[in-house]
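To start, the structure under review is shown below, and the notes come after it.
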């Protein structure tokens with residue numbers, strides 16, 4: 001499979017404007033990897049738009065489909081830049097499509113500093129077809145990267161179980177972010193994934209003991225093996241202001257389990273030294 005380094009060119013102004021202004025809330029372009037992860041870690045809503053035709057440096061292109069991808073970053077996995085290692089942000093989207101027969105279409109982003117590795121495929125309903133994966137490299141920070149963060153003026157952090165419960169039972173949309181390094185790993189320190197996970201609670205169950213349960217998942221294209229991995233996180237919130245996260249890596253076609261992390265965190269109190277799982281209402 002051929003890859004190219006790209007220089008993104010903007011789509012026309014009216015398309016971008018529809019992303020930048022929504023409901024009288026102006027969005028802010030994101031310029032660097034560090035600021036992108038910082039926005040996500042603080043519960044911001046981030047949208048993206050990538051025109052794959054802008055990524056091409058060869059003619060004819062090495063693949064027949066040249067799509068434009070756009071959405072809000074939902075479930076994500078990220079790490080920050082450190083002295084030794086480059087940070088990495090992963091997010092993905094899966095849609096059903098109907099082209100002669102029902103299929104699924106996946107597009108995945110692996111962003112490492114100024115480079116976005118973009119992959120897409122139609123893996124079948126059971127996500128077991130790997131021979132049509134396409135991919136390209138994009139230099140998203142060179143003035144033409146299409147990532148925006150929504151104005152956070154109305155964002156409010158929820159700092160206790162009762163607050164989260166009240167917002168959910170009032171029909172509010174609650175976002176969550178957890179930095180694993182601020183939590184306790186059940187397998188012992190250093191034995192769990194070190195990074196940041198986040199998403200929005202889209203459905204939940206409240207148990208008899210009042211605990212709140214929800215889950216989220218992402219099927220991503222793994223660029224090394226060129227196959228698919230499903231990352232699923234199960235979350236339990238308890239009345240004692242603790243959150244338990246169970247994260248599993250699965251083969252999405254067989255559901256064979258590769259790895260599992262179990263971590264426990266306090267719900268961030270919002271103080272200047274607050275640590276743990278953060279919850280927000282935007």
Flag for residue 17 being at pLDDT below 75, assigned to a loop (DSSP other than H, G, I, E, B) and more than 20 Å from the chain's Cα centre (by Cα) = no
Selection status of residue 65, more than 20 Å from residue 114 (Cα to Cα), assigned by TED's automatic domain parsing to the domain that holds residue 93 and surrounded by fewer than 16 Cβ atoms within 10 Å (Cβ to Cβ) = yes
Count, please, the residues in segment 89-136 that happen to be touching a residue at least 40 places away in the same chain (Cβ under 8 Å) and surrounded by 15 or more Cβ atoms within 10 Å (Cβ to Cβ).
-> 27
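Out of curiosity, is residue 116 more than 24 Å from residue 256 (Cα to Cα), part of a strand (DSSP E or B) and at pLDDT 90 or above?
yes
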Search result, residues across segment 167-179 that are assigned to a helix (DSSP H, G or I) and surrounded by 14 or more Cβ atoms within 10 Å (Cβ to Cβ) | 167, 168
Name the residue, out of 86, 35, that is surrounded by 12 or more Cβ atoms within 10 Å (Cβ to Cβ), modelled with pLDDT of 90 or more, part of a loop (DSSP other than H, G, I, E, B) and not assigned by TED's automatic domain parsing to the domain that holds residue 218.
-> 86
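Among the candidates 72, 41, single out the residue that is surrounded by 15 or more Cβ atoms within 10 Å (Cβ to Cβ) and within 25 Å of residue 214 (Cα to Cα).
41 is the lone residue from the list that is surrounded by 15 or more Cβ atoms within 10 Å (Cβ to Cβ) and within 25 Å of residue 214 (Cα to Cα).
The values are calculated or read from the model by the stated rules, or taken from the named source; none is laboratory data. Owing to the predicted nature of the structure, the values given are computational and were not obtained by experimental measurement. Ideal geometry is used to build each Cβ from the backbone, glycine not excepted, and the neighbour counts take in all protein chains shown.
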